[in-house]
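Student: First the structure, then my questions, so here it is.
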Amino acid sequence: MALLEIKKFGCPTLRKKATPVQDVTDEVRQLVADMFETMYEAEGVGLAAQQVGFTERLLVLDVRPRDPMSEPLAFINPEILWTEGECVGEEGCLSLPEIVGDVKRPAQVQVRALNENGSVFEMTLDGIAAKALQHEIDHLNGVLIIEHFNAIKRNLLRGQLRKLQREGKKQAPGLTYV
Ligand code: NI
């Protein structure tokens with residue numbers, strides 16, 4: 001396993017829309033393992049491929065620090081089938097260090113994806129898992145939490161974002177081992 005560089009706001013890869021994974025190969029499984037390791041090292045609860053300079057449609061999730069009954073999961077080509085309810089909660093992002101803000105999202109989601117063996121599974125998530133999954137799917141669509149913030153909040157963050165952006169622009173856009 002290996003640690004990957006986490007792309008920061010300003011790195012163009014974060015704005016790319018992911019392309020579906022054609023085949024769940026050993027390379028894909030290796031990437032999933034490296035993404036889990038990178039996420040744990042950064043103390044995150046979710047990580048999308050774009051955040052490590054990859055543009056395939058996959059993400060990893062492990063919300064056990066917030067929900068001990070959950071389990072670590074990889075979602076390859078995830079699709080949200082339906083959503084229900086609404087909840088507002090504070091979110092942060094490994095690609096936007098030190099930035100947190102309220103994001104409104106559906107409270108419950110039904111998702112279909114492939115697992116690391118290439119088999120289709122469906123599950124219903126709520127609470128922190130639903131929130132984190134939707135946050136990571138946003139990444140797969142090139143969307144960041146700041147797009148969910150209101151205009152006042154975005155204005156307040158302008159200086160901080162500009163600083164982050166300068167750093168992010170210096171990062172290589174592709175997969176980099178650290
Ligand atoms: Ni994020």
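Student: Counting other Cβ atoms within 10 Å, which trypsin sites (Lys or Arg not before Pro) in the range 1-84 have at most 11 and lie in a DSSP loop?
Tutor: K17
Student: What Kirkwood radius, in Å to one decimal, follows from the Cα pairs of the range 47-89? Walk me through the numbers on the way to the answer.
Tutor: On the way: mean 1/r = 0.0808 Å⁻¹.
Roughly 12.4 Å, rounded to one decimal.
Student: Taking amide H atoms as placed 1.01 Å from N in the peptide plane, list the residues 5 or more away in sequence, or in a different chain, whose amide H sits under 5 Å from that of Q108.
Tutor: HN-HN under 5 Å from Q108: E84.
Student: Could I ask something else about it? Cβ under 13 Å from M69's Cβ, M69 left aside: what net charge do those residues give with Lys, Arg +1 and Asp, Glu -1?
Tutor: On the way: positive: R64, R66; negative: D62, D67, E71, D126.
Its environment carries a net charge of -2.
Student: Give me the base-10 log of I(q)/I(0) for the range 14-118 at each q in 0.13, 0.24 Å⁻¹, Debye formula, one uniform scatterer per Cα, rounded to two decimals.
Tutor: -0.51, -1.56
Student: Continuing with this model, one more query. Can you tally the net charge around L3? Count Lys and Arg as +1, Asp and Glu as -1, for every other residue whose Cβ sits under 9 Å from the Cβ of L3. Can you show the working numbers first?
Tutor: On the way: positive: none; negative: E5, D34, E37, E41.
Cβ neighbours under 9 Å give a net charge of -4.
Student: Restricting things to Cα coordinates, could you compute the convex hull volume per residue of the range 87-154 in Å³?
Tutor: 95 Å³
Student: Once every DSSP H run of n ≥ 4 in the chain is given -39500 (n - 2.57) and the sum is divided by its residues, what mean residue ellipticity at 222 nm do you get, rounded to the nearest 500 deg cm²/dmol? Each step should come with its number before you reach the end.
Tutor: Numbers: 4 runs with 49 residues, N = 178.
About -8500 deg cm²/dmol.
Student: Using the charge dipole of the range 12-169 (Lys, Arg: +1 at Cβ; Asp, Glu: -1 at Cβ; taken about the Cα centre), state which of G127, A18, N150 has its Cα farthest towards the positive end.
Tutor: Value: N150.
Student: How many lysine pairs are close in the chain, with Cα atoms under 22 Å apart and the two 8 or more places apart or on different chains?
Tutor: 25
Student: With +1 assigned to the C-beta of every Lys and Arg and -1 to the C-beta of every Asp and Glu, and no other charges, what is the dipole magnitude of the chain about the Cα centre in debye, to the nearest 20?
Tutor: Working: 21 positive and 26 negative charges, 236 e Å.
The calculated dipole for the chain is roughly 1140 debye.
Student: Could I ask something else about it? Taking the Cα centre of the range 1-83 as origin, sum charge times position over the Cβ atoms of Lys and Arg (+1) and Asp and Glu (-1), and report the length of that vector in debye to the nearest 20.
Tutor: Numbers: 9 positive and 13 negative charges, 98 e Å.
In debye, rounded to 20, the range 1-83 gives about 480.
Student: Around S95, under 10 Å between beta carbons, what's the net of Lys plus Arg minus Asp minus Glu among the other residues? Let's see the in-between values first.
Tutor: On the way: positive: K7, K8; negative: none.
Neighbour charge sum, excluding S95 itself: +2.
Student: Could you tell me the relative contact order of the range 12-169? Use alpha-carbon pairs under 8 Å, at least six residues apart, and round to a whole percent.
Tutor: On the way: 271 pairs, mean separation 37.4, N = 158.
Relative contact order of the range 12-169: 24 percent.
Student: May I pose another question? For the range 39-178, rounded, prolate or oblate, judged on the Cα gyration tensor with a ≥ b ≥ c (square roots of eigenvalues), a/c < 1.5 rounded, else prolate if a/b > b/c? Provide the component values of the computation, followed by the final result.
Tutor: On the way: a/c = 1.87, a/b = 1.26, b/c = 1.48.
Oblate, since a/c reaches 1.5 and b/c is not below a/b.
We did not get these values from a lab; they are worked out from the coordinates using the rules stated. Quick caveat, the model's predicted, so the values are computed rather than measured. Methodologically, a virtual Cβ is constructed for each residue, glycine included, from the backbone with ideal geometry; neighbour enumeration extends over all protein chains shown.
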